[in-house]
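J.: My questions all concern the structure below.
The values are calculated or read from the model by the stated rules, or taken from the named source; none is laboratory data. For clarity, every value in this text was computed on a predicted model and none was experimentally measured. Positions of Cβ are backbone-derived with ideal geometry, glycine not excepted, and every protein chain shown enters the neighbour counts.
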């Protein structure tokens, strides 16, 4: 199929009706995304493609094709060791403890690129400063930020405006679309490892299978806190993904005997900055950070991730100048 086939052809493939419609193959999905990102597609056709994909349920081939085209249209970023997408709405979560985990991974000389958009919820972005996570206002600024700190957060709206426009159609269509999954699979820095959180468990295998089709080497997907990559220390965690490019599944045991909701585990006065500096210590929140860090380190191929995460937490620099 030639590049940028009219989107109506993909609408017809998906929507011909019982016995005639079918899923897109990977090449068709890639072409459809390139067309939607080009700015030349009719908005009605874009909405039709997104909602037809939602109605039938996306396949791994479709997600792989859509994500590959989205990544190809993304500005170049500096190399990083770990990709950390952050796209959950955050309605069921408390503070974003996983930000401290990303900081610990960066302190271990594994550069981390976080990228995301959380809709109207500002729970993540409003706490980036408190967690010591620097923001790059645009892709050009990311190089300097990542070089200085080994850690950077990129807002999707400045990282990839056309993809952000597709994601924002949720407010028009009234429903989530496959673009939410595509954003998690974006990996804009082409990192060799990625950690992803989902809210709905069925997406764990979908994203893992798509990553396998894309030739990724290392990935961990979990049903995390509020849909983010964040491990609940009071519950067993099921992990899906890739190790050395080979599909894997694993079960990680609970670290604590407190099966409470993640948002209700830490004490109310615990803050991100206070947890980091030790001014508001909290065993539950510490277990969240250390457990999440361990899963990220395992994804990176660290042989003893639990011990490494404990050492990183114990030896973290307590910078009390960070805002509370």
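J.: How about segment 1-81: which helices (runs of 4 or more DSSP H) wholly inside it have at least 1 residues that are crowded, with 19+ Cβ neighbours inside 10 Å and within 24 Å of the chain's Cα centre (by Cα)?
T.: Per the criteria, 26-37, 43-56, 60-72.
J.: Kindly indicate which of 218, 211 is farther than 21 Å from residue 159 by Cβ and at pLDDT 95 or above.
T.: The conditions single out 218.
J.: Touching a residue at least 60 places away in the same chain (Cβ under 8 Å) and in a loop (DSSP other than H, G, I, E, B): does that describe residue 120?
T.: Here the answer is no, as residue 120 does not meet what is asked.
J.: Tell me which helices (runs of 4 or more DSSP H) are completely within segment 154-248 and hold 2 or more residues being free of Cβ contacts under 8 Å to residues at least 60 places away in the same chain, or say none if there are none.
T.: It comes to 156-159, 161-167, 170-173, 202-213.
J.: Return yes or no: is residue 213 under 25 Å from residue 166 (Cα atoms), touching a helix residue (DSSP H, G or I) at 6+ places or on another chain (Cβ under 6 Å) and assigned by TED's automatic domain parsing to the domain that holds residue 96?
T.: Yes; evaluated as a whole, the condition is true for this residue.
J.: Among the residues of segment 175-190, are any over 19 Å from residue 114 (Cα atoms), surrounded by fewer than 18 Cβ atoms within 10 Å (Cβ to Cβ), in contact with a helix residue (DSSP H, G or I) (Cβ under 8 Å, 6 or more places away or on another chain) and modelled with pLDDT under 95?
T.: yes
J.: Picking from 195, 112, 124, which residue would you name as being surrounded by 23 or more Cβ atoms within 10 Å (Cβ to Cβ) and at pLDDT below 95?
T.: Every option except 124 fails the conditions.
J.: Can you tell me which residue among 245, 274, 241, 315 is at pLDDT 95 or above, within 25 Å of the chain's Cα centre (by Cα) and surrounded by fewer than 22 Cβ atoms within 10 Å (Cβ to Cβ)?
T.: Among 245, 274, 241, 315, only 245 is at pLDDT 95 or above, within 25 Å of the chain's Cα centre (by Cα) and surrounded by fewer than 22 Cβ atoms within 10 Å (Cβ to Cβ).
J.: Another question, then. Return only the number of the condition from (1) closer than 18 Å to residue 104 by Cβ; (2) crowded, with 24+ Cβ neighbours inside 10 Å that residue 286 does not satisfy.
T.: Evaluating residue 286 over (1) closer than 18 Å to residue 104 by Cβ; (2) crowded, with 24+ Cβ neighbours inside 10 Å leaves (2) as the failure.
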